[in-house]
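The values are calculated or read from the model by the stated rules, or taken from the named source; none is laboratory data. What you are looking at is a predicted structure, and each value in this text was computed from that prediction instead of being measured. Positions of Cβ are generated from backbone atoms using ideal geometry, with glycine treated the same way; all protein chains shown enter the neighbour counts. What goes into the accessible areas is simple: the full protein's heavy atoms, side chains included, and nothing from ligands, DNA or RNA. Shrake-Rupley method; radii C 1.70, N 1.55, O 1.52, S 1.80 Å.
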Amino acid sequence: MQKLSTLALPPALMALVLAGCSNNGTAGPVAVAALAAGSAQDASEAQTGTEGEKLRAIFAADDEASLKRNPLSALFRGDMRYADQLGDFFTDAYNDAERKAAMNNLAALASIDKSKLNAVDAIAYDVFQRNQEVTVKGLSEEILPLLDVRPINHFFGLHTFYPTFASGKGAAPFKTLTDYENNLKRHNQFITIMDSAIGLFKKGQASGVVETKLTIRNVIEQLDTQLAQPIEESPYFAPVQNFPEDMSEADRARLTAEYRTIIADGIYPAYTRLRDYLRDDYLDDAREGVGLSYMKGGDTLYQYLIEQTTTLPLTADEIHNLGLSEVKRVLGDMDAIKKEVGFKGTLKEFFDFIRTDPQFKPESREGLTQDYYDLGEKVDKVISTQFKVLPKTPLEIRPYEPFREKFQAGGSYQSGTPDGSRPGIFYFNAYDLPSRTTPGITTLYLHEGAPGHHFQISLAQENAALPNFMRFGGNTAYVEGWALYSEKLGFPMGLFDDPYQRLGHFDDEMLRAMRLVVDTGLHSKGWTREQAIQYMLDNSSMGETDATAEVERYIAIPSQALAYKIGALTIQRLKAEAQAELGDKFDPRDFHDQILNTGALPMSVLEKKIRNWIADVKG
């Protein structure tokens, strides 16, 4: 999923780039005055009523204020009030406003008597409190100087997010004349933000907190790729090649000229300034060591990121050792598949066979797309055996656009709108098809599409009874943990009868286990890029292109990849507890409803909720 998380972007923008979602509250029955007040602290002082009503008023006031500070969050929800704005990212004023809001929210929460809240509101209280505490710490004098001076890398950056967003194929709508004019206004702000990024990089050069040479070289290549596109082939020009039918010829001609001008005289020069600065100045000062342990303050930052993404107080050593044990377990499952299909040779030779044999290669971009279409239909026929409530939001299947596919993961998810007017999108990677293999397509679809990210994100968004920070927000351990857990649902749904697709499942499970080893190896144990890639090749059937992209992703966004396995293991453990405690009363559809019906929860909050549910069912 462009799912949720860690570094190099403002918190709200990070969430959008990862998951197409945002992060704060909804109006309760007494929230009108709070919305007018514009701050959570004012709201808590102004409200009367039950503690639950006061709490919802705090959420609502914060949500309204947050949408003004983070207009992209509003647009992704389908709220067009601030659609002519990108936001004031990469500035001290933005950071100060986010920090002040979070501190005010914590003060407002202190006025609530938590003992008088119902069960759902108590969960909301705990989640909101943790969100604010994480925000305050991330914007503290200890952490912020380690983050904001690295505003862009090849995996997270407005420079790659924004072209798709503004292309007519992203979240920004192009249905009216106003939509087209709003896009031009956002372009001007984008140009300013790109120049602000240069200023932050220079600040990092002065402080000694710098990105890696590897990530910066990748960014330079990304910028070169976009600058090499003729204006008429740029994603920025695409909207004027697809005007609404009712737009006048005069407006079409004017907008075409204005779009061509701002691309040629604004966006491309901004990309050029950033590219030239990174190539000719910053690259010499960027660090050779790829892990955070080689960066000034890196050990402190990595521990913060681990707690942020896993929602648990784990250490790098604990996670590394857990990863080694999981790798050993999954290798046993893979060896069993090798024996089942009658392969004669070592497991490493079996991996090489999967990587190289033509039967496991996609025939074409179009053929791979059709394979995913067919798989989606197959899943749709059996999904009700595991779920009572299905998303109303439709799901589309698309390959990544060629301009960005090289540096993307094997797949990702972009959320739709709560009203279903924009579908959720499962993206898969069709770059360098000869290096890719087909045994993992079932597992990838279950993770990124249905019932993984699409179910979790859509069901939360569609649940208007939840406060908006629970409808649209989340944490990586839950969101990615759910998606990884969803892969295992292929077994009860009968999707892994083919042993090679089952191997693909174990291969992806191995990927998440290896991530625990490799991420901590890179950022706390001094591993090199090459060492990490080789470890992944030695313990899986991944192709070198995929392994390289994965490792460079961990280098770019430390700790984010840890949350998958930590979250999935938590959900699996809770399911096993429920099955053992409930026996014949256990219904997977009820369990999944309990996991999903209150949005993305920190692991400790989720554990408490499920154990309370188990007790209620037992009576």
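List of remarks:
- Looking across Phe343, Phe351, one residue alone is farther than 26 Å from Gly138 by Cα and either among the hydroxyl-bearing types (Ser, Thr, Tyr) or at pLDDT 95 or above (or both). It is Phe343.
- Selection count where residues are more than 30 Å from Phe351 (Cα to Cα) and part of a loop (DSSP other than H, G, I, E, B), scope region 436-467: 5
- Selection from region 40-64 of residues that are among the β-branched types (Val, Ile, Thr) and at pLDDT 50 or above: Thr50, Ile58
- Region 361-394, residues that are open to solvent by 70 Å² or more (accessible area, probe 1.4 Å) and either in contact with a Leu (Cβ under 6 Å, 6 or more places away or on another chain) or polar (S, T, N, Q) (or both): Gln370, Thr385
- Of the criteria (1) of a type in the set (Phe, Trp, Tyr); (2) open to solvent by 10 Å² or more (accessible area, probe 1.4 Å); (3) modelled with pLDDT under 95, which one Tyr125 fails: (3)
- Failed item in (1) touching a residue at least 24 places away in the same chain (Cβ under 8 Å); (2) open to solvent by 50 Å² or more (accessible area, probe 1.4 Å); (3) within 20 Å of Thr311 (Cβ to Cβ), with Glu581 passing the rest: (3)
- Set Ser293, Ser325: member being in contact (Cβ under 8 Å) with a residue 12 or more places away in the chain and among the polar types (S, T, N, Q): Ser293
- The number of residues in region 468-484 being of a type in the set (Lys, Arg) and not in a helix (DSSP H, G or I) comes to 0.
- Scan of region 396-415 for residues that are within 17 Å of the chain's Cα centre (by Cα) and crowded, with 18+ Cβ neighbours inside 10 Å, ordered by number: Tyr400, Arg404, Phe407, Gln408, Ala409, Gly410, Gly411, Ser412, Tyr413, Gln414, Ser415
- Within region 149-188, considering residues that are of a type in the set (Gly, Ala, Ser) and farther than 30 Å from Gln205 by Cα, the one most open to solvent (accessible area, probe 1.4 Å): Gly168
- Here is the figure for region 579-610: residues that are part of a loop (DSSP other than H, G, I, E, B) and among the β-branched types (Val, Ile, Thr) total 1.
- Residue count, region 241-255 (criterion: under 28 Å from Arg275 (Cβ atoms) and free of Cβ contacts under 8 Å to residues at least 24 places away in the same chain): 1
- Selection of first residues in region 331-352 that are closer than 19 Å to Thr437 by Cα and of second residues that are of a type in the set (Ser, Thr, Tyr) and surrounded by fewer than 16 Cβ atoms within 10 Å (Cβ to Cβ), restricted to Cβ pairs under 9 Å at least 6 apart or on distinct chains, gives the following pairs, ordered by first then second residue: Lys338/Thr346.
- Test: residue in region 201-224 that is β-branched (Val, Ile, Thr), at negative phi, modelled with pLDDT of 95 or more and open to solvent by 60 Å² or more (accessible area, probe 1.4 Å): no
- Among the candidates Pro269, Pro244, Pro239, residue that is of a type outside the set (Gly, Ala, Ser) and buried (at least 20 other Cβ atoms within 10 Å of the Cβ): Pro239
One line per residue, one yes/no per condition, for (1) at pLDDT below 90; (2) closer than 29 Å to Thr160 by Cα; (3) outside any helix (DSSP H, G or I):
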residue: Asp371; (1), (2), (3): no, yes, no
residue: Asp374; (1), (2), (3): no, no, no
residue: Lys378; (1), (2), (3): no, no, no
residue: Lys381; (1), (2), (3): no, no, no
residue: Lys388; (1), (2), (3): no, no, yes
residue: Lys392; (1), (2), (3): no, no, yes
residue: Arg398; (1), (2), (3): no, yes, yes
residue: Phe403; (1), (2), (3): yes, yes, yes
residue: Gly416; (1), (2), (3): no, yes, yes
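- Answer residue from region 298-322, given it is among the charged types (D, E, K, R) and free of Cβ contacts under 8 Å to residues at least 60 places away in the same chain and is farthest from Val479 (Cα to Cα) among those: Glu318
- Taking the numbered list (1) modelled with pLDDT under 95; (2) under 23 Å from Asn153 (Cβ atoms); (3) over 18 Å from the mean Cα position of the chain (by Cα) in turn, His523 passes all entries but (1).
- Within region 520-529, the only residue that satisfies the criterion of being buried (at least 23 other Cβ atoms within 10 Å of the Cβ) and among the polar types (S, T, N, Q) is Thr520.
- For first residues located in region 72-85 and free of Cβ contacts under 8 Å to residues at least 60 places away in the same chain, partners that are in a loop (DSSP other than H, G, I, E, B) and lie 6+ apart or on another chain with Cβ distances below 6 Å form the pairs Ala74/Tyr82.
- Selection within region 485-519 - open to solvent by 10 Å² or more (accessible area, probe 1.4 Å) and in a helix (DSSP H, G or I): Lys488, Pro499, Tyr500, Gln501, Arg502, Phe506, Asp507, Asp508, Leu511, Arg512
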